[in-house]
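The values are calculated or read from the model by the stated rules, or taken from the named source; none is laboratory data. The structure presented is a predicted model; accordingly, all values stated were derived computationally and were not measured. Note that each Cβ is placed from the backbone with ideal geometry, even for glycine, and that neighbours are counted across all protein chains shown. For accessibility, only protein heavy atoms count, side chains too; no ligands or nucleic acids. Shrake-Rupley method; radii C 1.70, N 1.55, O 1.52, S 1.80 Å.
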Amino acid sequence: MRHLFIFFCLCFASIFISCGDGNENSELLLTNSNIAGTFSIESLTGEENETATSTTGAVVDLATSFLLGDTFQVNLTINANGTYAIEGLYREVKTTTPNGGSTSEITSILATDTTGNYQLNGIENTITFTANTGAFLVGTYTVNTLSQNRLSISKNSEESLGSNTIRRKIIIDFIRD
């Protein structure tokens, strides 16, 4: 009987301890009021691939680059009225490997001071930033995660320069302050 009592006490204690506030990481509906707040960048990663297409249609990889941001001192403020501002400094390390060449690394300290308007598309789960000043956060991003304390966005883009094509993907993770 004593062992049964101890067993029930342990079960009760484990259930009580495991109960937490499950709402802080649950997904929120993409609305202006849910996304409004002040955020800090937690991580910024990206990849860039450059290819060239010959006159015969053959595609050749020219270079692949990886971006990694760190040392973030950047604040993003998203207002429920459809405006945003992002400002601060961060370090970006770009590692580039050309096809058949040696890898190079460029480290830059970058500043951002961008303000503008945003528009949400709840059906496609996107946010489109239109800058009035600056150019750091511009264009349409997919909202990967929106919760009480996190916002994760990503953007895929493609740019053609003559016979060359540059494909970029960037992922930015934010923590709500």
Condition check: over 27 Å from Thr51 (Cα atoms) and either in contact with a Pro (Cβ under 9 Å, 6 or more places away or on another chain) or not polar (S, T, N, Q) (or both). Does Tyr90 satisfy that? yes
Give just the number: which of (1) modelled with pLDDT of 95 or more; (2) on the phi > 0 side of the Ramachandran plot does Glu124 not satisfy? (2)
In segment 79-99, which residue that is under 16 Å from Asp113 (Cα atoms) and of a type in the set (Gly, Ala, Ser) is surrounded by the most Cβ atoms within 10 Å (Cβ to Cβ)? Ala85
Scanning segment 43-78 residue by residue, those at negative phi, within 23 Å of the chain's Cα centre (by Cα) and open to solvent by 60 Å² or more (accessible area, probe 1.4 Å) turn out to be Glu47, Phe66, Leu68, Gln73, Asn75
Which listed residue is in contact (Cβ under 8 Å) with a residue 40 or more places away in the chain, out of contact with any helix residue (DSSP H, G or I) (no Cβ under 9 Å at 6 or more places or on another chain), under 30 Å from Ser163 (Cβ atoms) and not acidic (Asp, Glu), from Leu68, Leu62, Leu30: Leu62
Just to check your reading of the model, which residue among Thr145, Thr112, Thr130 is within 24 Å of Ser40 (Cβ to Cβ) and out of contact with any Leu (no Cβ under 9 Å at 6 or more places or on another chain)? Thr130
With respect to Gly134, is the statement that it is more than 15 Å from Leu28 (Cα to Cα), surrounded by 13 or more Cβ atoms within 10 Å (Cβ to Cβ), modelled with pLDDT of 95 or more and out of contact with any His (no Cβ under 7 Å at 6 or more places or on another chain) true? no
Across (1) surrounded by 13 or more Cβ atoms within 10 Å (Cβ to Cβ); (2) touching a Ser or Thr at 6+ places or on another chain (Cβ under 8 Å), Ser104 clears everything bar (1)
